Amino acid sequence: MSTWTITPPDPALAAAIAHKIDTKTKPLGALGELESLARQIALVQQTLTPALARPHVLVFAADHGIARAGVSQYPPEVTHQMVRNFAAGGAAINVFCRQNGLGITIVDAGVCGSFADLPAVRDEKIAEGTANFLEAPAMTAAQCADALRRGARLADERHAAGSNVLGVGEMGIGNTSSAAVLMHKLTGRPLAGCVGRGTGLDAAGLARKLETLARAVGAHPAVGDDPLAVLATFGGFEIAQMCGALLRAAEHRMLLLIDGFIASAALLVAARLAPAVLAYCVFCHESDEHGHRQLLAELGGRPLLRLGLRLGEGTGCALAYPLVQAAAGFLNEMASFESAGVSDDSAA
């Protein structure tokens, strides 16, 4: 499962796309980042007339053993409670998906407790939370591979249903700790630059979190920078399933909407496994979580929004999607100088 066949977009169409953008009735470059986004969408879809179909957000939820070490302001039970809120349609991601026309699937990747009474929750549970990686690897290699497969299968289903835009989001108390260690191990950046306040820790809580994670890293000295080993040792079931979904969706040439710090950490693992995945990624926003700006730089991501968000759930994907629509819309519908009978000297 560690081999992924992702074909980078063929750049042969780039000149024609640039010409179409540059001859719209506007000064050269006047639509700024929307022009870059339109160019990317057209390249991903390999057409001068891209179409966005059935955008969808997969929200993966799982519990983390490391949460028992006091790295979060909230107790682990909140993960289960929030999944029930998602299923009831009452969370921020539900509101924003409804508002902007995105579908949503709630996935139990490894939450403690049952959702048998909630058919709206997709059961992809690997186990009732990961192990505490202070004491043992978060998951076995077999569990990690299973999580990747399950995430990939969900992307397959969305593609088969006609979606060509896929966002990923998450919920899991303690998952900023996993994401921070993944970032540290896979980029070589100092741990202190990767660890943030998560759900809102105060200064003392942040110091405790950093000290705990430093001990956890030291407890696994044999783990180098192999992405699958790092993911299995320090990751979460929801992060691994996000990683599998992103990789398979890129194989299907879908446009990928990347949310905040946790989703970017999942993408970091994916990019270490198959660097070509990055060509399909739209970086929706820069999170307020400490470390996300540097993680975006590591991934070469230019975020569409900077709103101080630090919620996760895929909310950044749903909020940024209207900009994706705008980019495709102007490319398809805006007049050219020739079609509008406007002299292109006005672009000077």
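Laboratory data are not the source of any read-out in this text; all were calculated from the coordinates shown. What you see is a predicted model; the values in this text were computed from it and never measured. Cβ: placed from backbone, ideal geometry, glycine included. Neighbour counts: every protein chain shown.
Assorted remarks:
- Axis angle, to the nearest 10 degrees, between helix 203-218 and the longest C-alpha principal axis of the chain: 80 degrees.
- Helix 77-87 vs. the chain, principal-axis angle (Cα, 0 to 90°, nearest 10): 40 degrees
- Loop sites in segment 239-348: trypsin sites (Lys or Arg not before Pro), DSSP, at most 14 other Cβ within 10 Å: Arg306
- Residue range of the chain that is longest and free of GluC sites (Glu not before Pro) which are both DSSP loop and sparsely packed (at most 16 other C-beta within 10 Å): 136-348
- Of interest is the spacing of the C-alpha centroids, which for segment 19-85 and segment 195-212 amounts to 27 Å.
- Every pair of different Cα atoms in segment 56-326 enters the Kirkwood calculation, which places the hydrodynamic radius at 17.8 Å.
- Helix-only mean residue ellipticity at 222 nm for the chain, each DSSP H run of n ≥ 4 adding -39500 (n - 2.57), per residue, nearest 500: -14000 deg cm²/dmol
- With respect to the chain, whose longest principal axis is taken over its alpha-carbon atoms, helix 175-187 is tilted by about 70°.
- Exposure proxy ranking, count of Cβ atoms within 10 Å, fewest first, for Phe337, Phe96, Phe60: Phe337, Phe96, Phe60
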